[in-house]
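Below is one structure, written out as structure tokens; comments come after it.
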Amino acid sequence: MATLTIPDNLVYERPQSFTDSPTHYCPGCTHGVAHRLVAEVLDEMGLANRTVGVAPVGCSVFAYNYFNTDFVEAAHGRAPAMATGIKRVLPDHIVFTYQGDGDLASIGMGEIVHAAARGENITVIFINNANYGMTGGQMAPTTLPGMKTSSSPSGRDVETQGYPIRVAELLATLEGAGFIVRRSLHDPANIRKAKKAIRTAFEVQTHGLGFSLVELLSTCPTNWGMTPVDALKWVESHMLPFYPLGDYKIAPAITAAKI
Amino acid sequence: MQTEIILSGFGGQGIMFAGQVLSYAAMDIGKQVTWIPSYGPEMRGGTANCTVVIADEEIGSPLVKNPSAAVVMNLPSLDKYEPMIQPGGVLVINTSMVDRSAMRSDITVVPVACNDIAEEIGTPKLANMVAVGALLGGLEALTASDIEAALNAHMPGRHKHLLPKNLEALNKGIENARKNMIKAK
Amino acid sequence: MARELWKGNEAIAEAAVRAGLEAYFGYPITPQNEILEWLSHRMPELGRAFVQAEAELGAINMVYGAACTGARVMTSSSSPGISLMMEGISYIAGTEIPVVLVNVMRGGPGLGNIAPSQGDYNQICKGGGHGDYHVIVLAPASIQEAVDMMPLAFDLAEKYLTICCVLIDGSIGQMMEPIELPEMRPAQRKDFPWATNGAKNRPRRILTSIYLDPPEEEKTNLRLLKRWEAIQANEIRSKEYFLDDAEIVVIGFGTAGRVALSAVRAARAKGLKVGLFRPVSLSPYPYARVAELAGKAKAFLVVEMNAGQMLDDVRLAVNGRIPIEFYGRLGGVVPFPDEILDEIQRISTADLQLDGNPVADWMKRMEAMVR
């Protein structure tokens, strides 16, 4: 592990695993927080120079502009397949995907399920903000029952539009999945827990212990039509009850490794 | 000079392997050769056939409508391929599985009871090698020693102990072909 | 090295291994399963990567990822599976990275059947995926030719940072012929200046097919086109038979080409002045040579296992100078040589028109035949 020398008076600085590029995310969006947590973990673990990231299609399509690591851009939903290809020929490298809920849980459900089932030694950062952000806030597989979106204007009717998918719970049923947890980014305490989970997920990969995924409950103030603060409150009041936080799968080998 | 052979029968009769034995032998004596199977649902049981083309020059079509020889291991194959054989060609009929004689007299007909002979030898599975022998009885493209050399050279080590029985089946086929052959008119 | 009898699919797979294939990703589909099956034991025993993906969609995107690292990678499939891969193929083309693709064509459209066909000519040679891009397409007619083409396919893909497709049909995949395999080469990853393999002691790299700014995308398209120009100038391949004094030239690729060879030989035996032109690179297409032949021959006969997809390219090259006739079999039907011989004989005495419609004329004859 790399050791960092931190000056006594330093309280905040840009992670070295970030580029200088300002992000394009909307004000109040938690993508920035999630990015930062990943970058901090890459810094702390000294992984940036042997990491290849895989960007999705969605709001985080430009994730590759912000991380100071090699990056590739996948087709919509195919990031886990692309990550599989990279990891299989670069097994000593760190490969992670960063995917939203439309990308991962809708069009890319096949790829994510099979990457987890194969126990691919990759890390997935999964952003659940209950809608399609980039295309204008349409209904996602994670949209809550009754939730209004631009393609469910009267609220998601589960009779005709089906029920939301709880990704962490779903993937946790797979033998091949190693580390599957859900965290939230709605307040500082939860953000700290999220970072710890991200750190563990990358540790799982560096130890070669299999597929790791951290689902992060996130906000989309713009498409939800809320202020950033209200959006954070809404995560707590509406998303947490439906998507309980917790550790859904921690394979015995991971527990044994005491990561 | 080009020789085309269609081998046809039920799946499991060793048709494909018989065709491959001919192909190995042709390759080993320096000929050009193609072996092409019928593939698909029928390879799971049902009818199976393969076409072997042996030539001195680059082979064009691997499939032929009118072969110079056909080996038919069952009745549906006889019905299908008897009319197709070139005049003056060779038709090997496995009389163990076929209850009618050939209708054409412009081809050389070689009726051999392949399954019965294989049973007599004590290896019922070798009906295909009896048929290969029967074909050699009527065909000039390959000799018994070509086939023997090919079996020797290409049989996997774990199957080598079966070589004597294979040769016995081959020779019985040749023997019976000479006995039963009805030359083309 | 002594000749060995190999099944087409297995020979192609082994030739790829010997060409230094480092990773294979695929999905079962008939009639190409033997490629996947062969590599499922061969790659692991050499310590190389093999993954049976969840679908062709997964397979092509695994190939996409692995190719981004600079590794020699390939996938294989058959027609419906190639359709499913088209998304990834377009992305790979847009990202400008080398990938080898083997398409063992079968009868279509739709689920079709598993019999040999050449129905994917347009799909693979003219696009298939979205956007402006070209794929190098090589069409062997024998197993030896296919085997020799595998190292070439990787070399071309890497030289021009493009997809190189080896296009065969089910019969070449399933048949056996004596071959000599290429020498075994180690899996050696080139140090490409674009490969995303970890930013150690160098600035980070990004591989993407996204260019949100249209003028940037236009530049990218022009760069692809520039490369395509070089490919057109340098990578035309074809084979010729009996063309010296040929009055009728038969043109066919792959299996249709070799079946036509039998017909051409039979026609020669009857004293007809017939030759065969067999395009080997279908994309880039040998337009110049076809045009040259049109200056010497009286008529062309195009033979395909499709409804005249390559015919359009021949017509483009001939540009109305001589009559072109067409003979095709469809949906997995392979023509016998005598059918093509009949066509040659018909053409040798027919009063052919320059303004004829070869497809319409052929359809009339077909309808009478398959009724």
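Of all residues in region C:340-364, those satisfying the criterion of being free of Cβ contacts under 8 Å to residues at least 24 places away in the same chain and either part of a helix (DSSP H, G or I) or within 26 Å of the chain's Cα centre (by Cα) (or both) are C:Asp342, C:Arg346, C:Thr349, C:Ala360, C:Met363, C:Lys364.
Find the residue count for region A:106-142, including only residues that are among the charged types (D, E, K, R) and not in a helix (DSSP H, G or I). Walk me through how you get there before you give the answer.
Step one: filter region A:106-142 for residues among the charged types (D, E, K, R), giving A:111, A:118, A:120.
Then keep just the ones that are not in a helix (DSSP H, G or I); that gives A:118, A:120.
The qualifying residues number 2.
Out of everything in region C:58-72 that is at the interface with chain A (Cβ under 7 Å from one of its Cβ atoms) and hydrophobic (A, V, I, L, M, F, W, C), what residue ends up being surrounded by the fewest Cβ atoms within 10 Å (Cβ to Cβ)?
Just the residues of region C:58-72 that are at the interface with chain A (Cβ under 7 Å from one of its Cβ atoms), to begin with: C:58, C:61-66, C:68-69, C:71.
Applying the additional criterion that residues be hydrophobic (A, V, I, L, M, F, W, C) yields C:62-63, C:66, C:68, C:71.
Details: C:Met62: 35, C:Val63: 32, C:Ala66: 30, C:Cys68: 33, C:Ala71: 28.
The extreme case among them is C:Ala71.
Inspect region A:104-116 for any residue being facing chain C (nearest Cβ under 9 Å), buried (at least 24 other Cβ atoms within 10 Å of the Cβ), in contact with a Phe, Trp or Tyr (Cβ under 9 Å, 6 or more places away or on another chain) and of a type in the set (A, V, I, L, M) and give the result as yes or no. Within region A:104-116, one or more residues are facing chain C (nearest Cβ under 9 Å), buried (at least 24 other Cβ atoms within 10 Å of the Cβ), in contact with a Phe, Trp or Tyr (Cβ under 9 Å, 6 or more places away or on another chain) and of a type in the set (A, V, I, L, M). When A:Asp8 is tested against (1) buried (at least 24 other Cβ atoms within 10 Å of the Cβ); (2) charged (D, E, K, R); (3) free of Cβ contacts under 8 Å to residues at least 12 places away in the same chain, exactly one condition is not met: (1). Every listed requirement among (1) of a type in the set (Lys, Arg); (2) assigned to a loop (DSSP other than H, G, I, E, B); (3) under 21 Å from C:Glu339 (Cβ atoms) is met by B:Lys80 save one, (2).
In region A:235-259, the residues that are touching a residue at least 40 places away in the same chain (Cβ under 8 Å) reach residues that are of a type in the set (Asp, Glu) and surrounded by 12 or more Cβ atoms within 10 Å (Cβ to Cβ) with C-beta atoms within less than 8 angstrom, at least six apart or across chains, in these pairs: A:Glu236/A:Asp187; A:Tyr243/A:Glu215; A:Tyr248/A:Glu169; A:Ile259/A:Glu203.
Taking the options C:Ala267, C:Ala317, C:Ala307, C:Ala230, name whichever one is small (Gly, Ala, Ser), farther than 30 Å from C:Gly108 by Cβ and surrounded by 15 or more Cβ atoms within 10 Å (Cβ to Cβ).
On the way: C:Ala317 fails: farther than 30 Å from C:Gly108 by Cβ; C:Ala307 fails: farther than 30 Å from C:Gly108 by Cβ; C:Ala230 fails: surrounded by 15 or more Cβ atoms within 10 Å (Cβ to Cβ).
Among C:Ala267, C:Ala317, C:Ala307, C:Ala230, only C:Ala267 is small (Gly, Ala, Ser), farther than 30 Å from C:Gly108 by Cβ and surrounded by 15 or more Cβ atoms within 10 Å (Cβ to Cβ).
For A:Pro145, indicate whether it is in a loop (DSSP other than H, G, I, E, B) and farther than 25 Å from A:Cys29 by Cβ. It is false that A:Pro145 is in a loop (DSSP other than H, G, I, E, B) and farther than 25 Å from A:Cys29 by Cβ. The one condition from (1) more than 18 Å from A:Tyr248 (Cα to Cα); (2) in a loop (DSSP other than H, G, I, E, B); (3) modelled with pLDDT of 95 or more; (4) not hydrophobic (A, V, I, L, M, F, W, C) that A:Asp103 does not meet is (2).
Exactly one residue among C:Ile97, C:Ile89 is within 11 Å of another protein chain (Cβ to nearest Cβ), in a helix (DSSP H, G or I) and not basic (Lys, Arg), and that residue is C:Ile89. Considering (1) over 25 Å from A:Cys29 (Cβ atoms); (2) exposed (fewer than 15 other Cβ atoms within 10 Å of the Cβ), the lone condition that A:Glu203 does not fulfil carries the number (2).
Run down A:Ala39, A:Ala81 and say which single residue is closer than 21 Å to C:Ala195 by Cβ, in a helix (DSSP H, G or I) and modelled with pLDDT of 95 or more. Spell out the reasoning first.
Values: A:Ala39 fails: closer than 21 Å to C:Ala195 by Cβ.
The conditions single out A:Ala81.
Residues being part of a helix (DSSP H, G or I) and either at pLDDT 95 or above or crowded, with 23+ Cβ neighbours inside 10 Å (or both): count how many of those fall in region B:18-53. Give the derivation first.
Initial filter on region B:18-53 (part of a helix (DSSP H, G or I)): B:18-28, B:41-44.
Narrowing the set further to residues that are either at pLDDT 95 or above or crowded, with 23+ Cβ neighbours inside 10 Å (or both) leaves B:18-28.
Count: 11.
Note on region B:54-77: among residues that are away from chain C (no Cβ under 14 Å) and surrounded by fewer than 24 Cβ atoms within 10 Å (Cβ to Cβ), the one that is nearest to the chain's Cα centre (by Cα) is B:Asn74. Only residues that are within 11 Å of another protein chain (Cβ to nearest Cβ), of a type in the set (Gly, Ala, Ser) and farther than 23 Å from C:Ser171 by Cα were counted across region C:4-45, and they come to 1.
Looking only at residues of region A:42-78 that are within 18 Å of A:Glu203 (Cα to Cα) and assigned to a helix (DSSP H, G or I), we find that the one that is farthest from the other protein chains (Cβ to nearest Cβ) is A:Glu44.
The values are calculated or read from the model by the stated rules, or taken from the named source; none is laboratory data. All values derive from a computational prediction rather than experimental measurement. When we count neighbours, we look across all protein chains shown, and the Cβ atoms used for this are built from the backbone with ideal geometry, even at glycine.
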